[in-house]
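Please treat every number below as a calculation from the coordinates, not as lab data. Keep in mind it's a predicted model, so treat the numbers as computed, not measured. We place every Cβ from the backbone using ideal geometry, glycine too, and count neighbours over all the protein chains shown.
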Amino acid sequence: MNAGTGSAASQAAAREIIIRLEDVHKGFGSGERRVVPMAGVSLSVERGSRLVVIGPSGTGKSVMLRLILGLLEPDRGDIVVFGRNIASLDNYELSEIRKRIAMLFQGGALFDSMTVGENVAFPMRAMGERDERKIGEIVGERLRQVGLPGTEDKMPAELSGGMRKRAALARSIACRPEVILYDEPTTGLDPITSDAIADLINATHRSLADVGVTSIIVTHDMRVAGKTADRILMLYGGRIVGDGPPELYARLGADGQPGAAGETEMMIRQFVRGEAEGPIHTVA
């Protein structure tokens, strides 16, 4: 991971493990219909880092985010967030952890009956802020940050898909979270808009550097992955099969003659290149 340069204190903060999964198992269903998207996943995420998680559909990427947020409980294993094993927390303690985390859902999940401004203000009001002038100032600032100035009075239905994603991100960062979880942030968007969203993710990460924000981005879009990641992790078969810098994935994806590459390298190459033939098996 890139500790970067700067003071000893900032370098120490960069090395702090803010999220840790230890031998995490999670399955759904029973008998022949049981699906196990996570079968012994262990990983550590450093404060201030940008982790991208890739892999075929149904391999546990979104499940991982929901486990970190405490929306799902693991069948086995530990999930430690901000030094607390979230499986052992009561509802109040879990709520306090969630206040420090934001999640951008696939569809944005804006409230259709609220204006854009009311959507962005929602988490602040939910956390007890009652100063409407302060709320209004923050809403305007966050919308300017995501390139949507002056849209406070618009309804979500009046926005394009890319604009809804931007508005949802403005809501996510309203309270300046320490962790942002992005679940397929470019799903359904054209390549140009997807690239703009990737730029926005990076800009958001920089704008929250003072709180040491950590970004975890789940995506199928390798262009977005390469542009936003310090580190890319690949899930398949319930396990981590790849973990390295974007350059590793770019090199394997560009290698037309992998030669004596092992199965892990072949899986990464197949996924990055989007090829049906290879060690990764999908159901059409």
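If I model a spin label as a point 7 Å beyond the Cα along the Cα-Cβ vector, how far apart are those points for Asp153 and Val211 in nm?
Distance between label points: 3.0 nm.
Assuming R0 = 41 Å, what is the FRET efficiency of Phe111 and His25, from their Cβ-Cβ distance, to the nearest 0.05?
0.75
Once you treat every alpha carbon in the stretch 155-250 as an equal point and sum by Debye, what is log10 I(q)/I(0) at q = 0.12, 0.16, 0.25 Å⁻¹?
Computed log10 I(q)/I(0) values: -0.41, -0.72, -1.39.
Please give the charge dipole size of the chain, origin at the Cα centre, charges +1 on K and R Cβ atoms and -1 on D and E Cβ atoms. Round to the nearest 20 debye.
So the magnitude is around 240 debye.
What's the local net charge at Gly77, with K and R +1, D and E -1, over the other residues with C-beta under 13 Å away?
-1
Can you report the principal axis dimensions of the chain using only the alpha carbons, biggest first, rounded to whole angstrom?
Extents along the principal axes, in whole Å: 63, 49, 43.
Any chance you could get the radius of gyration and Dmax over the Cα atoms of the stretch 35-79, in Å?
11.0, 33
Work out, step by step, the length gained on full extension between Glu141 and Glu16: first 0.36 nm times the residue separation, then minus their alpha carbon distance; give nm to one decimal.
42.0 nm
Within the stretch 63-97, which residues have the backbone N less than 19 Å from the label spot 7 Å out from Val35 along Cα→beta-carbon, could you tell me?
So the set is 63-68, 71-76.
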